[in-house]
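Reviewing the structure listed below.
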Amino acid sequence: MNTTLKILVLNGPNLNLLGTREPAVYGHTTLADVEALCRAAATERGAEADCRQSNHEGVLLDWIHAAGVQHRAGALAGIVFNAGAYTHTSVALHDAIKGSGVPVIEVHISNVHAREAFRHHSYISPAAAGIVVGFGIDGYVLAIDGLVRKAKAAKAA
């Protein structure tokens, strides 16, 4: 029986442009680099990261719904989610997170609160189990660490 802790890492719109999009804000690291970092961080913590990216809200919704089923079955610890611009616009993603019951750690590479006013509000935050902002791509590692700790604590209880 495979008992490896699984974590889903979701990246939303425009994160496929990492490395070339606004390097002063997001740096020169590519999405492939971020995914490699996430897989390595998960492995170091005895977990496995499944990394996905989509520019389409409906695809992200479907992945969250499926993750809820996997979480309830004990096959998924949770989601690390950088929803990109959908953070500030998507009630549907908020509802999917709430409805699925899967723990989500919201991640942002930049400090969204130090940027344009429209980025200060998140529809994801009220549904999230935790939030990591402004630590660059290391925020993904912090989120993975938090999910692993949370899952191991729940298993021990």
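The values are calculated or read from the model by the stated rules, or taken from the named source; none is laboratory data. Predicted model only: the values in this text are computed from it and were never measured. Because the Cβ atoms are built from the backbone with ideal geometry, glycine has one as well, and the counts that use them run over all protein chains shown.
A Cβ distance below 8 Å, combined with a sequence gap of six or more or placement on separate chains, defines the contacts here; from the stretch 9-31, residues that are more than 23 Å from residue 79 (Cβ to Cβ) reach residues that are basic (Lys, Arg) in the pairs 25/115.
From the list 107, 102, which one is under 14 Å from the mean Cα position of the chain (by Cα), part of a strand (DSSP E or B) and buried (at least 16 other Cβ atoms within 10 Å of the Cβ)? Break it down stepwise before answering.
Working: 102 fails: part of a strand (DSSP E or B).
Going through 107, 102 in turn, the sole match is 107.
Residues checked against (1) over 20 Å from residue 103 (Cβ atoms); (2) of a type in the set (A, V, I, L, M, F, W, C):
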position: 15; (1), (2): yes, yes
position: 48; (1), (2): no, no
position: 51; (1), (2): no, yes
position: 61; (1), (2): no, yes
position: 71; (1), (2): no, no
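Checking each residue in the stretch 110-128 for being in a helix (DSSP H, G or I) and modelled with pLDDT under 95 picks out 112, 113, 114, 117, 118, 119, 120. For the stretch 129-139, residues that are in contact with a strand residue (DSSP E or B) (Cβ under 6 Å, 6 or more places away or on another chain) and either part of a helix (DSSP H, G or I) or crowded, with 21+ Cβ neighbours inside 10 Å (or both) total 2. Taking first residues from the stretch 133-144 that are closer than 13 Å to residue 38 by Cα and touching a residue at least 40 places away in the same chain (Cβ under 8 Å) and partners that are of a type in the set (Ser, Thr, Tyr) and buried (at least 16 other Cβ atoms within 10 Å of the Cβ), the Cβ contacts under 6 Å between residues at least 6 apart in sequence or on separate chains come to 137/29.
Close contacts from the stretch 98-124, counting a first residue that is at negative phi and a second that is assigned to a loop (DSSP other than H, G, I, E, B) and β-branched (Val, Ile, Thr), with Cβ to Cβ under 8 Å and a gap of 6+ residues or different chains, come to 104/124; 106/124; 109/137; 123/89. Restricting the first member to the stretch 79-91 and to residues that are part of a strand (DSSP E or B), and the second to residues that are buried (at least 24 other Cβ atoms within 10 Å of the Cβ) and of a type in the set (S, T, N, Q), the beta-carbon pairs closer than 6 Å and six or more apart or on different chains are 82/11.
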